[in-house]
Amino acid sequence: MGALNALIAVCLSYVALLFLVAFFAERSAMRGRGGWLRSPLVYTLSLSIYCTAWTFYGAVGYAARSGLEYLTIYIGPSLVMVGWWWILRKLVRIGRSQRITSVADLISSRFGKSNLLAVCVTILAVISATPYIALQLQSVTLSFAVFAEAGGGGQTVYTGESTALWVAMGLSLFTVVFGTRNLDANERHHGVVMAIAVEAVVKLFALLAVGVFVVWGISGGVSETLNRIDASQLGQWQVNGGRWAGLIMLSAAAFLCLPRMFQVLVVENDDEGHLRTASWAFPLYVMLMSLFVVPIAVVGLDLLPEGSNPDLFVLTVPLSQGQQGLAMLSFLGGFSSATSMVIVAAIALSTMVSNHIVMPIFLRMTGGSASVSGDVRHVVLLSRRVSITAVVMLGYIYYRLTGGGEALAAIGLVSFAGVAQVLPAMLGGIFWRGATRLGALAGLSVGFVIWLYALFLPSFGPGFILSEAALLNGPFGIDWLRPQALFGIAGMDPLVHALLWSMMLNSVAFFTVSVMTFPSPLERLQGAQFVNVFQHSGGPRSWSGGVAQSEDLMIMAQRILGAAEARALFQREAARQGLRGDLPEPSPDFLENLERELSGSVGGATAHAMVGQIVGGMSVSVEDLMAVADETAQMMEYSNRLEAQSREVTRTARQLREANSKLTRLSVQKDAFLSQISHELRTPMTSIRAFSEILRDSDGLSGNELNKYASIIHDEALRLTRLLDDLLDLSVLENGQVNLNLRHGHLGDLLDRSVAAAAASDDGRRLRLTRDTATEALSLHTDLDRLSQVFINLIANARKYCDADQPTLEIRVTDHGDLLWVDFVDNGSGISTDAQDVIFEKFARIGEPRVGGAGLGLAISRQIMQRLGGEITYLRGESGAAFRVSLPRAAMAAQ
Amino acid sequence: MTNSADEPVGPRPTIFVEKQTYRMRRIMDAARLVPLLGVVLFAIPLLWPRGPDMGIMTSRTILYLFGVWVVLILVTMRLSYVLRSLPPADRSTDRGGAL
Amino acid sequence: MAKKVLLIEDEPNIIEAISFILSRDGWQVDTHSNGHDATEVVREKMPDVLILDVMLPGRSGYDILRDLRSGGGTETLPILMLTARGQNKDREMAEKYGANRFMTKPFANSEVLEAVRNLVGV
């Protein structure tokens, strides 16, 4: 009795100590002096709630039964921590930037704030955590019982049930006091975290102390201990490969998905930098926790009588050696493990239950008026306190109903497998933007059902819901539905079997449904934020958003509407509100207006969400919205690009058609080329031949006649020569074999000479010239002869083809910056549009009066201008025929 | 996210970076590799002969497993120490493990 | 009374040459130098022989030929076509539209004289 009383006294003082620690931590934090509370060490120690009583006591029992397999439970989380850069870093960043409050909140937020998903995760979490809480209560009760026995048998006063109840009530009280002290802010509980950090130290110290006692106190040293191990029934390395790999995976998954682990890893995280320290410190912690497990198990198997419960070796071995103090320490270690787990689990679960089940129901019942009156805080606190008590009591009731025992001991891994069902949705959610709400829902449901059917229900043994017959032969005798041999895969370890099927089908359902469904705008928004959390969230945001930022709205609107339009809209609104400046007040009118404007670009729902988020300032950062806005802009740009491309294609097609018709015309022209050249050569030759025959054959021609016919022959011969010269000239120019004779000259002089030369071949028609000699005062550096050839041709053409009664040619010179334009415009009827395309081709003579010339002039002019680096073009829109000679600046002499 | 004309947040990621930044990126790569190394090393005992007679002694296995554990802890400790000097800006331009 | 020849041709030198040759042989030579109103001129003058150039300003010689053959009393008028393009295509066109004779420039003066004489059966 004395021992038990002492134990209770120690226990109570220990609990009192924890209250004090939590209280002072909370007070320091409130006074802003809690710097030491937020150290990486405290963070790492708080993670130790992973090591519950199940691991404190159970690991030794596990080792005693199955050898080294217990290590998988620690190796999995170690690998996750060591690989923090992959997942945890992202989870923590998302948790902080999205103000995530629980694992259910994470899943729900990611998938468009779906409360249905949150409810599913919450139910799953509660179902799998309740047996686990019961397990903790059982371990405390059992350890009490051990001391009670050791204290001298026949303790009829003492009953396990009352212990469990007391413990449950105490834990509820502690959790309510420190877990719901502050609702506000980031859900961090400094007092609780500090207390569990202290408990973490106690349990590690206790286990190490027992271990050191066993290795050096009982076995007599390290090598002796190792010999002892090899000599024991655990001496052979024996492991089921499937279980080894499966359990490592399972514990790693559970480490991420367990609500209480998520609470300490993500929600209570104060600084992302702490994760860096924890990445090696936490593996070190669990390594130390598991270091002496095998020695204790081996020594326990050696020393204690056959049939002793190996789950209690940590207590019974010191007791059997008369080490009451050590046993007491060990008891405190186990007590710490159990209590810290229950406390954090209760906080995590109550947050989920309260936020996702109680509050939505309450809000619906009050018709949403509560959220306006600002009266909700009180309700939330109350609902959370009730939830905590309910969760702990649920564990107690479960414990009472199942009555403890072996079934409970196995529940640890079953519970792990349950929460692990969240993993596909979680990882898919943070790494894959294609994951959708329905996909997550499908995956979770499938995984949950299989887990329930193949693992959870069978874990109670036959007779509990599933009859023995159903367990052995499948429900209704359907063989391939046997819970522990689904689809006929028999002979597998039941746990690995359930894990394999549930995780596989869960993932498949998640993926398939995600691929087939389309996410809502909010889902896509959240997906982008989660997956790209490192790109657009510099860090956690303050909750004090609240006030709508016109400037933010402006920036966002600019990204969606375009700068000019957005500015115009804002200025209009500001003017309407009678404000000076560009930014209007975010009045409801204006916001509604803006939303309408935005919805034109991004759709109504998204626009609503975006404006709502900026104005509400709560869960989406401006940067995130920018990212979405940019994505929209990108999509619009992309579709614009597509449009442009199709326009381009149309344009190209048109150009091709044009080129084709031009080619056709050219080909007709080329066909005509031979007959043209033939015609041009034969015509003068006809005259020559005819008159030379006349001269030869005719007698009695007068001197006048002789003279006249001879000069006709002479002129036609000259014409023939000129034609041949032109052809050669063109051929040389076209082949680029021409040598330019670059000289300095004066534009005015050049035009004078050209006019004179054109007049020299005057056929009698008068052509009036209009020139502005002032503009012609420009120096040139070019091939003056060639340029003059072009001018002469144009003047001669005007003289030949201008059909006005009083033909007038205007020569305009324009100095156009880097180009010099010399325009030749006559007052005739001009050249028809379809002829304009071909006038620069060879023999493309148009117009009616044929006044000599072979139709090569413009073709030659064009070639010349190309050689001179300029061009000659037909000017549309003038009244008469108009040609423009453009000379590049380089052709103008440097001044 | 492909880059459009204007990237909203942070500087545009560049292709060529300073030597120190390059060093950092490779250390991040190493940090990503550690858990994979751990998985392989912890799976190795599965390949050892098992059985009543020819089996490996448990003590050997314990020494191996805890040895691996310690090595992983030391490597992670070293890497996280180096990554400590990572400027926050650089952390945010990191593509969140997507690289 | 001298037989009448109408020459429709736009090159002044060729007009001069042919007029000279035929006048010396005793023909009365009328000339016309564009295609616009050539048909009307032919019907008005009603020559014994028509010498028609193909490349005329305003209207092609072939068009004029077709018009003349389509009625107005010129269906059987003897017509000599002249062209400087000298391709088979041109000869075929001339035959198709009903020219009595087709000659390619440059020609021998005696050939033209011979052809004109033959056309009126002198």
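Only the coordinates and a few stated rules stand behind these numbers; no lab work does. Keep in mind that this is a model prediction, so the values were computed, not measured. When we count neighbours, we look across all protein chains shown, and the Cβ atoms used for this are built from the backbone with ideal geometry, even at glycine.
Points worth noting:
- A:R400-A:N640 pseudo-label distance in nm [points 7 Å out on the Cα-to-Cβ vector]: 7.0 nm
- Whether the stretch C:4-120 is rounded, prolate or oblate, judged on the alpha carbon gyration tensor where a/c under 1.5 counts as rounded: rounded
- Highest mean first, the peptides A:715-726, A:93-104, C:25-36, C:8-19 sorted by other C-beta atoms within 10 Å per residue fall in the order A:93-104, C:8-19, C:25-36, A:715-726.
- Nitroxide proxy distance, nm - points 7 Å out along Cα→Cβ at C:S23 and A:A568: 8.1 nm
- Shown is the FRET efficiency for A:Q836 and A:L701, computed with R0 = 41 Å from the Cβ-Cβ distance and rounded to the nearest 0.05: 0.25.
- Mean per-residue shielding of peptide C:14-25 is 4, counting Cβ atoms of other chains within 10 Å of each Cβ.
- Subset of C:K45/C:K105; C:K4/C:K96; C:K45/C:K96; A:K662/C:K105; A:K662/C:K89; A:K708/C:K105 violating a 28 Å alpha-carbon distance limit: A:K662/C:K105
- Neighbours of A:E810 by Cβ distance under 10 Å: Lys/Arg scored +1, Asp/Glu scored -1, total -1.
- Efficiency of FRET from Cβ geometry, A:L17 and A:M504, R₀ 60 Å, rounded to 0.05: 0.80
- Estimated [θ] at 222 nm from DSSP helical runs (n ≥ 4, -39500 (n - 2.57)) normalised by residues in chain C, nearest 500: -12500 deg cm²/dmol
- Shielding score for C:102-112, defined as the mean number of other chain Cβ atoms within 10 Å: 4
- Summed residue charge, Cβ within 10 Å of C:P78's Cβ, Lys/Arg positive, Asp/Glu negative: 0
- Computed over neighbours whose Cβ is under 10 Å from that of A:L733, the net charge equals +1, Lys and Arg +1, Asp and Glu -1.
- On the basis of the beta-carbon distance and an R0 of 56 Å, A:L875 and B:A30 show a calculated FRET efficiency of 0.20.
- Protection proxy ranking of A:117-126, A:862-871, by the mean of other Cβ atoms within 10 Å over each peptide's residues and highest first, is A:117-126, A:862-871.
- Relative contact order (percent, whole number), chain C, Cα cutoff 8 Å, 6+ residue spacing: 24 percent
- Residue-averaged beta-carbon neighbours from other chains (10 angstrom radius) around B:29-36: 5
- Each label was represented as a point 7 Å from its Cα along the Cα-to-Cβ direction; for B:A43 and A:A659 these points are 5.9 nm apart.
- The stretch C:80-114 residues near the modelled C:S70 label - backbone nitrogen below 15 Å, point 7 Å along Cα→Cβ: C:97-98
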